[in-house]
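Here the structure comes first, spelled out in structure tokens, and everything after it is commentary.
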Amino acid sequence: MAEFSKLLTKTDIQKRLSLPTKFFKPLPSLKGSHVRDFPAIDESGFVWTFQCSTRKKGHPKPVLSKGWLAFVRHKELKVGDRVKFFKEKDRSGPATPFYRVEAEKEIKIFGAIFGYSPIVAPFP
């Protein structure tokens, strides 16, 4: 089951992936900072490095910036497509989590959303 899933908006496609605060818990701990890089493996086995950050003051809304737009371009994501992140445990090490990321294209039939199809793109 996905730790979090989001239908992409115009801001998500053009600038950064903006996440609701409720999705903050499954993200990597910021360890006293407001920014942290973390790797995520896609369905092709490629490792993407994303930067998660929050505002320094006020409401700590998380966003993914660095690495995110390259992922969007490579997967050719559009508004309405969906992205999912999964937090996994590394079986080879001591409880070190890693992340998987999946992108799904919106499927429309006669203008109605029929479902979503996984995007499997070759390595960048």
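The values are calculated or read from the model by the stated rules, or taken from the named source; none is laboratory data. Computed from a predicted structure; not experimentally measured. Here Cβ is always computed from backbone atoms with ideal geometry, including for glycine, and neighbour counts include all displayed protein chains.
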Please name all residue pairs, on different chains or six or more residues apart, with Cβ atoms under 9 Å, provided the first residue is in the stretch 63-85 and is closer than 26 Å to residue 34 by Cα and of a type in the set (Ser, Thr, Tyr) and the second residue is modelled with pLDDT under 95 and part of a strand (DSSP E or B). 65/17; 65/35; 65/50; 65/51; 65/52; 65/53
Kindly provide the set of residues from the stretch 36-81 that are under 27 Å from residue 115 (Cα atoms), of a type in the set (Ser, Thr, Tyr) and at pLDDT 90 or above, ordered by number. none
Could you please find all residues in the stretch 1-18 being modelled with pLDDT under 80 and within 11 Å of the chain's Cα centre (by Cα)? 2, 3
Could you count how many residues in the stretch 109-124 are modelled with pLDDT of 80 or more and either surrounded by 11 or more Cβ atoms within 10 Å (Cβ to Cβ) or within 23 Å of residue 19 (Cβ to Cβ) (or both)? 1
Does the stretch 100-107 contain at least one residue that is loosely packed, with under 14 Cβ neighbours inside 10 Å and at pLDDT below 90? yes
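Condition check ((1) in a strand (DSSP E or B); (2) acidic (Asp, Glu); (3) surrounded by 17 or more Cβ atoms within 10 Å (Cβ to Cβ)) across all residues:
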{"site": "39", "(1), (2), (3)": "yes, no, no"}
{"site": "45", "(1), (2), (3)": "no, no, no"}
{"site": "49", "(1), (2), (3)": "yes, no, no"}
{"site": "52", "(1), (2), (3)": "yes, no, yes"}
{"site": "61", "(1), (2), (3)": "no, no, no"}
{"site": "71", "(1), (2), (3)": "no, no, yes"}
{"site": "74", "(1), (2), (3)": "no, no, yes"}
{"site": "83", "(1), (2), (3)": "yes, no, yes"}
